[in-house]
Amino acid sequence: MVRLSLPVEPDDHIMGPDEAKVTLVEYGSYDCPHCRQALGVLAEVRQRYGSPLRLVYRHFPQETKRSISERAAEAAEAAGAQGKFWEMHAHLLENQQALDDANLIAYATMLGLDTPKFASDLEMGVYAGRVLRQFQSGRDSGVHSTPTFFINGVRHDDYWDADTLLTAIRAAE
């Protein structure tokens with residue numbers, strides 16, 4: 001059984017109540033087509049679960065220096081600093097074919113962010129260290145590909161379709 005090396009922390013991107021019986025951590029990448037699929041699967045799981053579920057997202061971009069997935073992760077963090085992480089997160093996954101800087105800035109504008117601040121944060125690499133720390137925590141937790149899920153701190157090594165995830169989540173209650 002592989003466990004999460006870094007427990008969920010208050011500065012993680014968290015959706016759902018702290019007192020939820022189950023915490024689902026996803027390590028993902030914005031250029032991964034499976035992570036795009038997981039966005040819909042997780043929405044279905046949250047709808048069908050029937051109890052509060054705490055969902056946590058952590059970045060696991062491609063390992064190449066300054067990859068498009070790393071840049072998109074930094075954009076999500078910059079949006080998060082302005083209170084719009086989850087909105088940017090969904091938008092990046094839904095628009096994987098357009099993750100260049102011009103589009104990232106256009107998405108920030110569309111979401112009503114302070115675009116000059118967003119662009120500056122992106123250009124200065126303000127959140128590069130945070131993305132790298134999340135990536136390293138994934139490595140330390142045995143993440144090799146995306147998406148990878150942990151349910152209450154234990155890596156989920158089965159399929160991640162809605163039915164299978166729901167069964168595992170209910171077993172972890």
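Just so you know, all these numbers are worked out from the coordinates, no wet-lab data involved. Predicted, not measured: the structure shown is a model, and the values here were computed from it. Cβ coordinates were reconstructed from backbone atoms using ideal geometry, including for glycine residues, and neighbour counts include every protein chain displayed.
Find, among the chymotrypsin sites (Phe, Trp or Tyr not before Pro) in the stretch 103-171, those assigned to loop by DSSP (not H, G, I, E, B) with at most 15 other beta-carbon atoms within 10 angstrom.
For chymotrypsin sites (Phe, Trp or Tyr not before Pro) across the stretch 103-171 that sit outside H, G, I, E and B with at most 15 neighbouring Cβ atoms in 10 Å, the list reads Tyr159.
For an R0 of 30 angstrom, estimate the FRET efficiency from the Cβ-Cβ distance between Ser145 and Met110 and round to the nearest 0.05.
So the FRET efficiency works out to roughly 0.50.
Okay, helix-only estimate at 222 nm for the chain: each DSSP H run of n ≥ 4 adds -39500 (n - 2.57), divide by all residues, round to 500 deg cm²/dmol; what do you get?
Helix contribution divided over all residues of the chain: -15000 deg cm²/dmol.
Tally the DSSP beta bridges in the chain and give the antiparallel ones as a percent, rounded to 5.
About 60 percent, rounded to the nearest 5.
Just to be sure I understand: if I project the alpha-carbon convex hull of the stretch 9-121 onto a plane and average over all orientations, what area do I get in nm²?
Projected area, direction-averaged: 7.2 nm².
Using a Förster distance of 22 angstrom, determine the FRET efficiency expected from the C-beta separation of Glu19 and Ala172, and round it to 0.05.
FRET efficiency, Glu19 to Ala172: 0.90.
Fully extended, how many nm does the chain gain between Met1 and Leu132 (0.36 nm per residue separation, minus their Cα-Cα distance)?
Difference between extended and current length: 44.7 nm.
Please compute one quarter of the surface area of the Cα convex hull for the stretch 74-166 and express it in square nanometres.
7.1 nm²
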